[in-house]
Number of protein chains: 2
Amino acid sequence: MSAKPVIGLLGGGQLGRMLCEAANILDFSVAILDEEKCPAKQVHQNDLHITGSFKDPEKIKQLAARCDVLTVEIEHVETTILEEIATKGVEVPSPDGNGTVLKKVPVHPSWKTIRLIQDKYQQKEYFAKQGIPVAEQVAIAEGSERLSSLRAAGDKFGYPFMLKGAKGSYDGRGNYKIDGPSDLETASSQMGDQPLYAEKWVPFEMELAVMVMRTEDSEGNFKAVHPYPVIETIHEDSICTKVLYPPRKVSDEIKKQAQKIASDVIASLWGRGVFAVEMFLTKDGRILVNEVAPRPHNSGHYTIEAVPQMSQFKAQIYSILDLVPRKGISLSPRVSSAIMLNILGGAKEDSHDRFVKLAEGSSDAFTDVYVHLYGKASKPGRKIGHITATGFSSVDQLASTVSPLIKCMDEIRLERIGSSAKATPAATPKVLPLVAMTMGSDSDLAVMSAGLKILDEFSVPYVVRITSAHRTPHLMMKFAAEMSASTCKVIIAGAGGAAHLPGMLASETHLPVIGVPIKASVLDGVDSLYSIVQMPRGIPCATMGIGNSTNAALLAIRILGNTYPEYAERMKEYQAKMAAEVYAKDEKLGEVGFQQYLAGMQKK
Amino acid sequence: MSAKPVIGLLGGGQLGRMLCEAANILDFSVAILDEEKCPAKQVHQNDLHITGSFKDPEKIKQLAARCDVLTVEIEHVETTILEEIATKGVEVPSPDGNGTVLKKVPVHPSWKTIRLIQDKYQQKEYFAKQGIPVAEQVAIAEGSERLSSLRAAGDKFGYPFMLKGAKGSYDGRGNYKIDGPSDLETASSQMGDQPLYAEKWVPFEMELAVMVMRTEDSEGNFKAVHPYPVIETIHEDSICTKVLYPPRKVSDEIKKQAQKIASDVIASLWGRGVFAVEMFLTKDGRILVNEVAPRPHNSGHYTIEAVPQMSQFKAQIYSILDLVPRKGISLSPRVSSAIMLNILGGAKEDSHDRFVKLAEGSSDAFTDVYVHLYGKASKPGRKIGHITATGFSSVDQLASTVSPLIKCMDEIRLERIGSSAKATPAATPKVLPLVAMTMGSDSDLAVMSAGLKILDEFSVPYVVRITSAHRTPHLMMKFAAEMSASTCKVIIAGAGGAAHLPGMLASETHLPVIGVPIKASVLDGVDSLYSIVQMPRGIPCATMGIGNSTNAALLAIRILGNTYPEYAERMKEYQAKMAAEVYAKDEKLGEVGFQQYLAGMQKK
């Protein structure tokens, strides 16, 4: 291989370690500035490593001198020195052997971005100026004016409001919820001397996050932002503990909007790299940007397995070295759902062992569970590893499958924080539908219920609705659109008489639609059959026998079998069972003779 | 974390490197005996590493003394010393501080297995005794009797036959194909003084391989063998260069048989670990075991991405440390197809650069391409990395997608071996079907062809057959069984009159079946419609309008859209296009008035 660029990395914690794991596979060289035994150095040998603090200006210059590009795994670094390195350069031996020359070393993301992000108040002021939605905030005066400034904030925002340290907070430490005027003095003294700002209370439904890759050309001109999917984060004790892909019960529109906002945020910054954008989804459906991390992030760990073709760590390498192909890059997950659970140090040094052991044995035919350990000693509450589960089912089903893991994790937390504290509810296992059944009238339900029983028997998650093509045409169309954008894979519709529902749904969706003709009061159901089966060319409707919702459900399951092998296997079992039943009947008929057999049938 | 066992590894090449990459994620400690800058040590820092040769008995003992278990990345190691370590032990400081004690260190796989495998002739003699199918072979005498022994082999086996070195051959080096008696003397002198054996020529269709994980309890009792799927290997210049999952055009029975034979082979050996079983599939459909490697293997690299939940390297760690869960472990690929291409050093040091660059930009929405580089200097023909492509399509489609990569690889090979040599044909892009269409009679083809045109328009790979339910019932059943076991996801059947074909096929498969009623000479097609749609409860058949094979194809594509998002996208485009056409017609009707419009229609 021709000479490869050397990546200089400030900080060698778990983010640096996972960056090195990605670099190892591609044989990229990373020179790390951190302690001798830090997590990242454990997995990447390099004569260019430097032992020391990533905050030490002299060491940073030493590192820069031996690298082609500098990046960070943490934003709490000295930006004046990074600015100097990027704009003036560092001294390196002159190529002609006489003295030294100055070498400029690119810093990605830019020192400008890092500097802005270090001040959370300024960060959001900047975003607000760019037209990005953020929570209302106000700076708190320092010194003797602080308390009156706090009171003014309370008057402005009402209570509760959030008091936040503008700098140096990490994992949520440095936030104080002020419930009323009586909290002000305690809060002020507990937050210490740091610069503070107040933020209007955001009653949020959930927290969302999007990782974004940002690229620039060699002149520093903006090229593109590439957002990953939006995920849901769950925080406990002010630490992100759980991440869910996709977020539960969030519409496609909100997801698109979150990706758009995250892309806009990152486009407004400077330099190459991956960035995390943390957001609130408010109870009234608005998205507010909370904060940005200019580096790989806990909320992006799921990408290692869910977006294996371009994990956030590989993306960090690809973006800072400008390797992203011109045609763009697919950041689509290769699985249907993923859940990331942090391994936090427990009450004892080995508290988490049982969590890891449980995870190691948790993979099965349809769920994969991946353990990551960072080579860090355990301390209570410390992030020492994480576990990612992936599946080809819905995130709710996955949460249900890994609920023993979530339970174990919650138990270890309770031991740590003391059993008096209340546990945050775990990811609620609610199942998203794979089949949608609808009918024109509740009078059809008796016929359609046979199909629902089959769906239950095969444990297929479904929704069932009444949406008449003629009495509620708009509801019917809305239903078709919603199902098309959901996890649903097949629509079953029953209708009688003019029986337009199945065909109209087929016109409003790209999903396969199965129609069940229902016998009305006249014409024996032939009217419904013809109406459903004789669709015009272009819009297919899979028609069943009159009143045969059983077969509609069975066909839906055969279709699901293409995507979910477990349903194909269960269909084979079902068919074998049916055959066995007929064989048994045949045998009995041979044994007892037709008269006794018939008598037995009549008794039933 | 509580203290973890230390894995001692003899050899730190690319196999050791990828073992360390797996160990890093789980934070396992690997102590490597090999040169200071070997590929494995580059990605795993450990104070316990030893610098030296993995063939040096003293260094092996030193390594054993600091480890809890020994394993190998290469079988060419000294087994007497491994036997001593496992059965007598190595000297370690006594726990009481006075002198030394002997510590037994388990060796996995067993030194017995490694010793057997080092002699390829003995290896196969042993397998033959276990009832495992191998090619006929005969030992060649040494010294002055060698030439007459070779002639005797020629008489016994006929020509051509293979002359092989019993020991020390690696990557096929040490084999000589003897085309006739005139080759014997040259062959004998070229093979040098090593012990030789002759093997009957096996006219094989392709080479297959299966990785197998073997577990034992702490007493050394056999627990289980877990086979990975069977793959196809392609060798060029006596080196494995390409691996395809699944093998092309190999029946499910052969695949099962290959897994069974590979499991039997490995069950007959000793110790824990992962093993490669290389096999020939002969032109007459027999499987012969060629040889076994007692370690991760080039043919198993595809598992890193295709079986991410348990790559061969993770499996090596899990098996030797006895971490495999009691309930077993899923070794099923999480993708539909994978192709592994070795990166071999080319004519120049940087010849392979363009291959790597091409690969880095080759991922797209439906194909993922992963580059692995081993941190080795390039030499002509040397394995310095590999590229794995994975997809959710058939392996033939994947081969077609990555054909630019295969072409580039073949070009680099041609430059290396000289352009006079002939290139081995690359993986032929033949497409496996996703839809099977059949009809009862060729008179139905005119109607069914409309559906085939739609399948062509959407680039859906299909097979089309004539299989009458009444005239060829056995063929019809065989067809249903074959399609059920193939890549096919939907069956479309057209039939007229009694029209039993769609329903009978539905009875013989678990796949969704779509029926198209065809109008026969009487009854206007209503006979066919009723026959197809009125299936008994239990066996669904998705019925289309009379003669509407267009909609049958469109429904099949909607169904494929669940598994392959590209078809869902194209269906949405198709529906949008249909709508646009109607809007255009509506506009024209408004513009020109109904009379002119009608006149225009009549002209057509």
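A few remarks follow.
- Compactness of the stretch A:19-63 as Cα Rg over 2.2 N^0.38 Å, two decimals: 1.13
- Computed on the stretch B:6-107, with alpha-carbon pairs under 8 angstrom and 6+ residues apart, the relative contact order is 27 percent.
- Whole-number percent relative contact order across chain A, with pairs defined as alpha carbons under 8 Å at least 6 apart: 8 percent
- Simple label model, 7 Å out from Cα along Cβ direction - B:GLU36 to A:ARG326, nm: 4.4 nm
- Per-residue shielding of B:526-539, expressed as the average number of other chain Cβ atoms within 10 Å of the residue Cβ, stands at 5.
- Radius, Kirkwood style, for the stretch B:241-381 when every pair of distinct Cα atoms is counted (Å): 17.3 Å
- B:PHE222-B:LYS104 FRET efficiency (beta carbon distance; Förster radius 22 Å; 0.05 resolution): 0.65
- Sites B:ALA128 and B:GLN602 - FRET efficiency at Förster radius 51 Å, r taken between beta-carbons, to 0.05: 0.05
- Partner shielding of A:551-561 amounts to 6, given as the average count of beta-carbon atoms from other chains within 10 Å of each residue beta-carbon.
- Three-way shape call for the stretch A:462-604 based on the alpha-carbon gyration tensor, with the a/c threshold at 1.5: oblate
- Each peptide in A:570-578, A:93-101 was scored by the mean count of other Cβ atoms within 10 Å over its residues; highest first, the order is A:570-578, A:93-101.
- Using the 1.4 Å probe convention, the accessible area of chain A works out to 41 Å² per residue with neighbouring protein chains retained.
- Volume of the Cα convex hull of chain B, divided per residue and given in Å³: 233 Å³
- Beta bridge orientation in chain A: antiparallel %, DSSP, nearest 5: 70 percent
- For the stretch B:296-397, trypsin sites (Lys or Arg not before Pro) meeting the loop criterion (DSSP other than H, G, I, E, B) and having at most 12 other Cβ atoms within 10 Å: B:ARG326, B:LYS327.
- R0 of 51 Å, Cβ-Cβ distance A:SER94-B:GLU185: FRET efficiency to nearest 0.05: 0.20
- Per residue of B:35-47, other chain Cβ atoms within 10 Å of the residue Cβ number 3 on average.
- Sum of -39500 (n - 2.57) over DSSP H runs of 4+, divided by residues of the protein assembly as shown (222 nm, nearest 500): -11500 deg cm²/dmol
- Applying both filters, DSSP loop and at most 14 other Cβ atoms within 10 Å, to the GluC sites (Glu not before Pro) of the stretch A:174-253 gives A:GLU219.
- Of the trypsin sites (Lys or Arg not before Pro) found in the stretch B:446-501, those in coil by DSSP whose Cβ has at most 15 other Cβ atoms within 10 Å are B:ARG471.
- Among beta bridges that DSSP assigns inside the protein assembly as shown, antiparallel share in %, nearest 5: 70 percent
- For the stretch A:108-168 versus the stretch A:330-380, the gap between their alpha-carbon centres in whole angstrom: 35 Å
- Between the stretch A:268-324 and the stretch A:473-512, the C-alpha centres lie 37 angstrom from each other.
- When each of A:LYS348/B:LYS59; B:LYS383/B:LYS489; B:LYS55/B:LYS103; A:LYS61/A:LYS167; A:LYS223/B:LYS348; A:LYS124/A:LYS327 is checked by Cα-Cα distance, pairs over 31 Å: A:LYS348/B:LYS59; B:LYS383/B:LYS489; A:LYS223/B:LYS348; A:LYS124/A:LYS327
- Apportionment of accessible area to carbon and sulfur, chain A, percent (1.4 Å): 53 percent
- Between A:ALA3 and B:ASP193, the modelled labels are 4.6 nm apart [label points 7 Å from Cα along Cα→Cβ].
- B/A buried area, accessible surface, summed, 1.4 Å probe, Å²: 7300 Å²
The values are calculated or read from the model by the stated rules, or taken from the named source; none is laboratory data. What you are looking at is a predicted structure, and each value in this text was computed from that prediction instead of being measured. Neighbour counts are summed over all protein chains in view; Cβ atoms, including those assigned to glycine, are modelled from backbone coordinates with ideal geometry. Keep in mind that these areas ignore ligands, DNA and RNA; they rest on the heavy atoms of the full protein, side chains included. Shrake-Rupley method; radii C 1.70, N 1.55, O 1.52, S 1.80 Å.
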